[in-house]
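The values are calculated or read from the model by the stated rules, or taken from the named source; none is laboratory data. Worth saying up front: this structure is predicted, and the values here are computed from it rather than measured. In this analysis, Cβ positions are derived from the backbone assuming ideal geometry, glycine residues included, and neighbour counts consider all displayed protein chains. Side chains included, ligands, DNA and RNA excluded: accessible areas come from the protein's heavy atoms. Shrake-Rupley method; radii C 1.70, N 1.55, O 1.52, S 1.80 Å.
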Amino acid sequence: MRKMELHWKILIGMVLGLVFGFVMTYPDWGREFVSDWIKPWGTIFVKLLKLIAIPLILASLIKGISDLKDISKFKRIGLRTIGIYVFTTVIAITIGLLLVNLLQPGNGISEDTVAKLSETYASDSGVTSKLDEALKQKESGPLQFLEDMVPDNAVKAMSENALMLQVIFFTIFMGISMLLIGEERARPLKQLFDALNEVVLKMVDLIMLTAPYAVFALLANVVASSGDSDLLVALLKYAGVVVLGLFLMIVFYAILVSTYTQKNPFWFLKEISPAQLLAFSTSSSAATLPVTMERVEEHIGVDKEVSSFVLPVGATINMDGTSLYQGVAAVFAMQVLWPEGLVFSNQIIIVLTALLASIGSAAVPGAGMVMLVIVLESIGFPPNLYPIALALIFAVDRPLDMCRTIVNVTGDATVSMVVAKSVGKLGEPHPKEWDDHLEEVISK
């Protein structure tokens with residue numbers, strides 16, 4: 001009997017989690033039960049994925065660079081990666097701005113709804129913390145992101161997933177240095193990282209065995225802990241515009257895969273779907289990174305030389321879904337609170353600021369709201385309206401965060417395919433299973 005494919009198992013877990021979470025919102029004890037007994041299993045799963053993210057980047061990127069043999073190849077891959085990421089991000093923001101100006105979701109929000117949202121969320125700790133974080137980023141210098149990219153302590157950088165760019169910098173520096181000392185001298189260290197890479201990928205396989213159950217736990221908690229349903233309905237038009245834009249980005253990726261790599265886009269979406277479903281459940285590109293790398297390398301056929309650089313960098317600087325959301329959310333806030341700001345020059349500034357903000361944004365849940373404050377500040381949005389602007393979108397931010405993370409991850413996978421094809425590193429898939437070497441281990 002053929003085993004059920006992973007994406008179907010995860011999808012079933014998602015559906016059951018949504019239904020269970022909805023049912024458990026009705027009993028008085030339901031939400032507390034989900035929080036105490038269901039949520040921890042999802043949290044453990046996300047922690048396991050984050051646990052192996054840094055070791056995977058370290059091992060995979062060093063292996064990829066050391067296998068190049070030629071530093072000029074790395075330069076070619078790097079420049080193409082950055083260029084394509086910038087291109088797809090501009091496309092995403094443009095789609096968002098076109099839709100929000102065409103459909104005008106802010107025109108349907110009444111003053112009573114704005115007042116209720118402000119009363120409910122403006123003083124919420126989630127909103128105030130995002131404002132504080134945005135203020136810190138605003139006060140930093142223009143080259144702060146470059147300064148932040150270089151670690152002063154490699155071990156400290158590896159101890160915090162939010163410092164992923166520092167880990168990537170150190171790893172690239174180390175990989176290039178290995179190339180420069182010659183293959184013979186670098187061989188012992190290369191063998192160490194090759195072995196570490198295999199071990200970490202096997203850890204990904206083992207963690208993914210629990211993915212359907214973890215997704216059930218994560219989504220049950222999201223639904224059970226959701227906010228005021230009346231406010232969610234009031235913001236449905238805005239959420240619909242964001243989701244439509246995100247869907248169009250997926251269509252754009254499918255067209256790019258079909259025309260440039262000559263691969264079936266439906267096959268591509270099917271193979272990357274486990275990573276997409278986990279992105280939806282965790283709302284974190286960083287947490288999903290180990291699974292994205294495993295799917296792209298083993299199930300799509302992107303060579304490790306390409307994926308080991310493109311995907312970690314993408315998880316940090318490529319936020320197509322989040323950038324699209326920035327455009328929609330910023331114009332939506334102006335439509336409701338500051339209609340006089342709806343001029344063409346401000347929308348050009350939104351494109352540029354959202355592009356730059358996406359590069360420096362952390363690949364963690366909720367980073368989009370920090371970026372939004374930075375975007376609003378760049379167009380002269382009245383500072384006294386910041387809390388109300390965030391309150392407007394806070395009620396639906398978590399479900400939209402889940403949706404836009406799907407686009408972020410899909411964009412990373414698409415760019416890895418395009419770059420791999422451009423340098424002749426897109427081969428045939430070679431999927432591995434968690435028990436591939438089980439017999440030889442048992443026989444000993």
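Here are some notes:
- Value in Å of the Kirkwood radius, where segment 271-351 supplies the Cα pairs that are averaged: 14.8
- The chain: angle of helix 211-224 to the longest principal axis, Cα-based, in degrees nearest 10: 10
- Counting only protein heavy atoms and a probe of 1.4 Å, the accessible surface of the chain is 65% carbon and sulfur.
- Within segment 1-35, the trypsin sites (Lys or Arg not before Pro) that combine a DSSP coil assignment with at most 10 other C-beta atoms in a 10 angstrom radius are R2, K3.
- One entry in (i) 147; (ii) 137; (iii) 161 is volume of the Cα convex hull per residue in Å³ calculated from the shown coordinates; its label is (iii).
- Rounded tilt (10° steps) of 285-294 against the dominant C-alpha axis of the chain: 30
- Positive dipole terminus of the chain, leading residue within V167, F394, L244 (C-beta point charges): V167
- Approximating the spin labels as points 7 Å out from Cα along Cα→Cβ, the F344-to-D152 distance works out to 4.8 nm.
- Computed as a quarter of the hull surface, the mean projected area of the alpha carbon convex hull for segment 8-76 stands at 7.4 nm².
- Cleavage-rule hits, trypsin sites (Lys or Arg not before Pro), segment 239-333, DSSP coil, Cβ neighbours within 10 Å at most 14: none
- Accessible surface calculations at 1.4 Å, restricted to protein heavy atoms, place the chain at 45 Å² per residue.
- A Förster distance of 22 Å, applied to the separation of the beta-carbon atoms of L352 and N101, puts the FRET efficiency at 0.80.
- Ignoring aspartates and glutamates fewer than eight residues from K156 along the same chain, the ones with Cα atoms less than 16 angstrom from its Cα are E147, D148.
- The chain: angle of helix 236-256 to the longest principal axis, Cα-based, in degrees nearest 10: 30
- Counting only DSSP H runs of at least 4 residues, each contributing -39500 (n - 2.57), and dividing by the residue count of the chain, the helix-based mean residue ellipticity at 222 nm comes to -25000 deg cm²/dmol.
- Per-residue ³J(HN,Hα) for segment 265-276, Karplus 6.51 cos²θ - 1.76 cosθ + 1.60, θ = phi - 60°, Hz, x for Gly and Pro: x, 5, 5, 4, 5, 5, 6, 8, 4, x, 5, 5
- Taking every alpha-carbon pair in segment 185-327 and binning the separations at 10 Å intervals from zero gives 9, 31, 34, 18, 6, 1, 0 percent.
- Accessible area in the full protein assembly, largest first, 1.4 Å probe, for I250, I77: I250, I77
- A straight line joining the Cα centroids of segment 1-51 and segment 414-440 runs 29 Å.
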